[in-house]
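Only the coordinates and a few stated rules stand behind these numbers; no lab work does. Predicted, not measured: the structure shown is a model, and the values here were computed from it. Cβ sites come from the backbone with ideal geometry, for glycine too, and all protein chains shown count toward neighbours.
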Amino acid sequence: MMDRTEERTAQLAERLQSVRSRIQQAVSQAGRPDSPQLVVVSKFHPAADVRRLASLGVRDFGENRDPEARHKAAELEDLDVDWHFVGQLQSNKAKHVVRYASAVHSVDRVSLVEALSTAKQREQARRLESGEQPLRPPRPLRCLIQVDLDPRPVEDRPPGIGARGGAPPAAVEELAERIDRADGLRLQGVMAVAPLGLDPAGTFRRLRELSTSMTSLYPEATWISAGMSHDLEQAVLEGATHLRIGTDVLGPRPEVG
Ligand SMILES: *Cc1c(COP(=O)(O)O)cnc(C)c1O
């Protein structure tokens with residue numbers, strides 16, 4: 001008989017396998033030579049599940065809140081994994097996030113660029129001084145610009161969606177320039193969440209266009225973070241390099257906040 005924890009590991013293995021084969025299928029359908037990176041979004045799920053997934057070969061995890069992310073990362077310090085911060089981020093949390101995150105997918109304003117840059121530099125100085133030489137997170141901090149691609153005016157959007165964050169497309173150019181110039185940060189690409197109630201394919205196509213103009217100026221900013229559990233296929237077809245999958249790997253989250 002399996003005990004509860006083995007049962008959960010077996011369940012996660014099965015769900016992970018099913019998500020991986022969906023990705024593989026979409027990759028073949030798209031005729032892509034490459035395969036996007038899977039980032040498992042572990043928010044609301046316990047550190048024990050992250051440990052199980054790490055034992056199944058997952059190396060990239062996403063979180064959308066500090067301090068939940070901070071506590072999980074501390075508890076799992078012994079694991080060889082990368083933490084991706086994917087949620088809206090208050091500038092005053094930057095000093096915590098730079099300690100564990102290797103990437104922030106949700107940079108959407110100049111003040112946050114400045115806060116992350118300052119925090120990353122201070123953290124590097126602190127580590128140098130204390131003689132700490134951790135392998136992770138790597139420096140510089142990878143930064144993706146989250147773009148709000150919902151064409152509807154805020155008042156016409158379904159309730160709750162205004163709070164999803166993201167910079168207007170017109171602001172992307174300046175943000176890219178700021179990140180590119182900021183010490184401690186690396187401009188890594190673009191990210192979007194498909195707006196509720198609209199066809200995700202259109203959003204992902206626009207995101208890809210933004211990515212194309214960005215890489216013409218910054219050839220290394222190649223990441224396109226798009227696609228969640230329900231729209232990963234469209235994201236793969238439109239060239240996503242990173243998929244942020246929570247529910248279809250870990251199961252439903254409690255409906256809080
Ligand atoms: C929660 C979350 C995800 C994962 O969503 P699922 O639908 O559970 O796969 C992806 N991206 C962001 C920004 C999130 O907050």
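A full extension of the chain between Arg59 and Thr247 corresponds to an added length of 65.9 nm, given 0.36 nm per residue minus the alpha carbon distance.
Let me know the charge dipole size of the range 92-200 about its Cα centre in debye, to the nearest 20, where only the beta-carbon of Lys, Arg (+1) and Asp, Glu (-1) is charged. Let's see the in-between values first.
On the way: 17 positive and 15 negative charges, 135 e Å.
Roughly 640 debye for the range 92-200.
Where the only charges are on Cβ atoms (+1 Lys, Arg; -1 Asp, Glu), what is the dipole of the range 188-257 about its Cα centre, to the nearest 20 debye? All intermediate terms of the calculation are to be shown ahead of the outcome.
On the way: 5 positive and 8 negative charges, 25 e Å.
That gives the range 188-257 a dipole magnitude of about 120 debye.
Mean residue ellipticity, 222 nm, helices only, the chain: the sum of -39500 (n - 2.57) across DSSP H runs of n ≥ 4, divided by residue count and rounded to 500, is -13500 deg cm²/dmol. In a DSSP loop and with at most 12 other Cβ atoms within 10 Å, the GluC sites (Glu not before Pro) in the range 94-156 are Glu132.
At R0 = 51 Å, how high is the FRET efficiency between Glu220 and Glu155 if r is their beta carbon distance? Nearest 0.05 is fine. Can you show the working numbers first?
Numbers: r = 38 Å, r/R0 = 0.75.
Efficiency at R0 = 51 Å is approximately 0.85.
Under a model in which nothing but the beta-carbon of Lys, Arg (+1) and Asp, Glu (-1) is charged, the range 40-144 shows a dipole of about 200 debye around its Cα centre. Here's the picture: charge each Lys and Arg Cβ at +1 and each Asp and Glu Cβ at -1 in the range 102-257, and of Leu128, Val190, Leu175 the one pushed furthest to the positive end of that dipole is Leu128.
Measuring between their Cα centroids, the range 175-244 and the range 38-67 lie 21 Å from each other. Given R0 = 22 Å, the distance between the Cβ atoms of Ser21 and His230 translates into a calculated FRET efficiency of 0.85. With each label point set 7 Å from Cα along the Cα-Cβ vector, what nm distance links Glu6 and Val110? It works out to 5.9 nm between the two label points.
Restricting the trypsin sites (Lys or Arg not before Pro) of the range 5-95 to loop positions (DSSP other than H, G, I, E, B) with no more than 14 neighbouring Cβ atoms within 10 Å leaves Arg59.
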